[in-house]
1. Under the condition of being touching a helix residue (DSSP H, G or I) at 6+ places or on another chain (Cβ under 8 Å) and among the hydrophobic types (A, V, I, L, M, F, W, C), which residue from the stretch 415-439 is surrounded by the fewest Cβ atoms within 10 Å (Cβ to Cβ)?
2. In the stretch 1-32, which residues are in contact (Cβ under 8 Å) with a residue 40 or more places away in the chain, open to solvent by 50 Å² or more (accessible area, probe 1.4 Å) and away from ligand 2 (no atom under 16 Å from the Cβ)?
3. Which members of the stretch 33-44 meet the condition of being open to solvent by 20 Å² or more (accessible area, probe 1.4 Å) and within 13 Å of ligand 1 (Cβ to nearest atom)?
4. May I ask you to list pairs of residues, at least six apart or on different chains, whose Cβ atoms are under 8 Å apart, with the first in the stretch 65-83 being closer than 22 Å to ALA286 by Cβ and the second being within 13 Å of ligand 1 (Cβ to nearest atom) and open to solvent by 60 Å² or more (accessible area, probe 1.4 Å)?
5. Of the residues that make up the stretch 406-414, is at least one within 26 Å of the chain's Cα centre (by Cα), open to solvent by less than 60 Å² (accessible area, probe 1.4 Å) and either farther than 21 Å from ASP431 by Cα or among the aromatic types (Phe, Trp, Tyr) (or both)?
6. Please state which one of GLU136, GLU82, GLU151 is of a type outside the set (Ser, Thr, Tyr), under 28 Å from HIS270 (Cβ atoms) and open to solvent by 30 Å² or more (accessible area, probe 1.4 Å).
7. Within the stretch 217-261, restricting attention to residues that are hydroxyl-bearing (Ser, Thr, Tyr) and open to solvent by 50 Å² or more (accessible area, probe 1.4 Å), which residue is farthest from ASN370 (Cα to Cα)?
8. Taking the options LEU338, LEU284, LEU354, LEU298, name whichever one is more than 16 Å from ligand 1 (Cβ to nearest atom), under 30 Å from PRO185 (Cβ atoms) and of a type outside the set (Ser, Thr, Tyr).
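The values are calculated or read from the model by the stated rules, or taken from the named source; none is laboratory data. Everything numeric in this text was worked out from a predicted model, so none of it was measured. So basically every Cβ, Gly included, is an ideal-geometry build from the backbone, and we count neighbours across all protein chains shown. What goes into the accessible areas is simple: the full protein's heavy atoms, side chains included, and nothing from ligands, DNA or RNA. Shrake-Rupley method; radii C 1.70, N 1.55, O 1.52, S 1.80 Å.
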Amino acid sequence: MFNTFIKDPKMLQNLKDLGYVTMTPIQKECLPLALAGRDLIAKAKTGSGKTAAFGLPLLLNLNVSSMRIQSIVLCPTRELAEQVSGELRRLARFAHNIKIVTLCGGTRFVPQCISLEHGAHIIVGTPGRILQHLQEKTINFEHVKTLVLDEADRMLDMGFYEDIEKIIAKMPHKRQTLLFSATFPKEIEQMCNEVQTDAIRVSIEEEAHTSPNITQICYSVEEHDKEEALKGVLLEHDAKSAIIFCKTKVGVAELQSYLVDEGFDALSLHGDLEQIDRDEHLLLFANGSAQILVATDLASRGLDIKDVEMVINYELPQTMEIYTHRIGRTGRMGKEGLAVSFVTPKEEGFFEELKEANFNFVCKAISELNPSRTTPQKALYITLCIDGGKKQKVRAGDILGTLTKDLGLEGSVIGKIDILEKYAYVAIQRDYADKAFDGLCSTTIKNRRFKIWKLG
Ligand code: ADP
Ligand code: MG
């Protein structure tokens, strides 16, 4: 129970409202130590609740009445930074006035400066952009009390070490440093030595390599049979949400276009896409407007995409570590998950290693595939995009109100509503999407007319 370590009644109530009843193992380990101000080196797998493990102590140690920057969270990618700030904002609801600012590349610099002028308690972001702000002197880290390095191994993989060093040089030497990493290569050890003091190691080891609630199936296939086999797998399982992993961006693009040609609602996610498209694809996948996301390993780590029914390794990854991360997208928080892997003759060697490492596979032949239907089912939702967001002070309640009160739609046909900086996205059940679209086009939201697009 959280109340073993947290006494603030408002925080406890907020956790209850968020549906956080019991602590996850990593939270149980980290909370008392981090609250006591210790440096930590923490290791636990994706989806184990690491954000709250550092987020709660960080929020509870904040001096809200001082408008100085007191905590920094460094993340490897913009998606992860957005996710962490989202989670921190939810956790911060116990107090009214905690200001969290996200600073990442891929967005304009000047608006970030304007937002910083109003002051901030917590900065979440990617090293490159944060360093840029430090160099332009638009932020000041002289009063930082806590530094969090989230997904530290990944940041090093991405070549952020020097940027991180330069950022740390701008902080007080006396501070708390919490480091989270899924793996411990030598470089991490070295970094810990340099940036931490008497750090305590916290590690939640997984007994087996993966949670027992993930069923792993493998199909031996020849290269030229793969597309057809994939179609069979998707039709057999009829999953509402599936992530398909390929090794390369080109592979992702080709497979996605094949799936679209075959009638699947498939989107892609890889590093060559514009940031705005990456965000939009993730959003559409998460709100049920696309059942399939074809991705490179950009999506295998950290990203919190809820309720993925199945993961498909269209191509096996290079390492066991990545395999673990990929299949960790399914079967989260104790749910049942399914991971399907295709193994071509060339991949047999690595596949044997996986089996020796105690990954348990059920091996099947593609001739056993038993599609439950001949054509894919369309996604449950269609998303309408509205050209007004936080900037225009559009709130989810306004959109919901217009749809239900003015246009007479049932609340139950309206799905997730996401309000971004300049745009809002609302998921509508497919059969009602036209009605909602036509209605929204010819009415106003908060007495203002907006442009509306239909996506998917
Ligand atoms: P990690 O960083 O370890 O990959 P996250 O911090 O992103 O994991 O958490 C994964 C999911 O679990 C999030 O959706 C989060 O809201 C949820 N979660 C975290 N802690 C708890 C808890 N104690 N009880 C219920 N859900 C939790
Ligand atoms: Mg995380």
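1. LEU420
2. Once the filter is applied, which keeps residues that are in contact (Cβ under 8 Å) with a residue 40 or more places away in the chain, open to solvent by 50 Å² or more (accessible area, probe 1.4 Å) and away from ligand 2 (no atom under 16 Å from the Cβ), the stretch 1-32 yields ASP8, LYS10, GLN13, ASP17.
3. Just the residues of the stretch 33-44 that are open to solvent by 20 Å² or more (accessible area, probe 1.4 Å), to begin with: 33, 35-38, 43.
Passing the criteria: only LYS43.
4. GLN83/ASP304
5. No, the conditions are met nowhere in the stretch 406-414.
6. Every option except GLU82 fails the conditions.
7. Within the stretch 217-261, the subset hydroxyl-bearing (Ser, Thr, Tyr) is 219-220, 241, 248, 257-258.
If we keep only those that are open to solvent by 50 Å² or more (accessible area, probe 1.4 Å) as well, we get 220, 248, 257.
Values: SER220: 16, THR248: 29, SER257: 24 Å.
Among those residues, the one meeting the criterion is THR248.
8. Details: LEU338 fails: under 30 Å from PRO185 (Cβ atoms); LEU284 fails: under 30 Å from PRO185 (Cβ atoms); LEU298 fails: more than 16 Å from ligand 1 (Cβ to nearest atom).
Going through LEU338, LEU284, LEU354, LEU298 in turn, just one is more than 16 Å from ligand 1 (Cβ to nearest atom), under 30 Å from PRO185 (Cβ atoms) and of a type outside the set (Ser, Thr, Tyr): LEU354.
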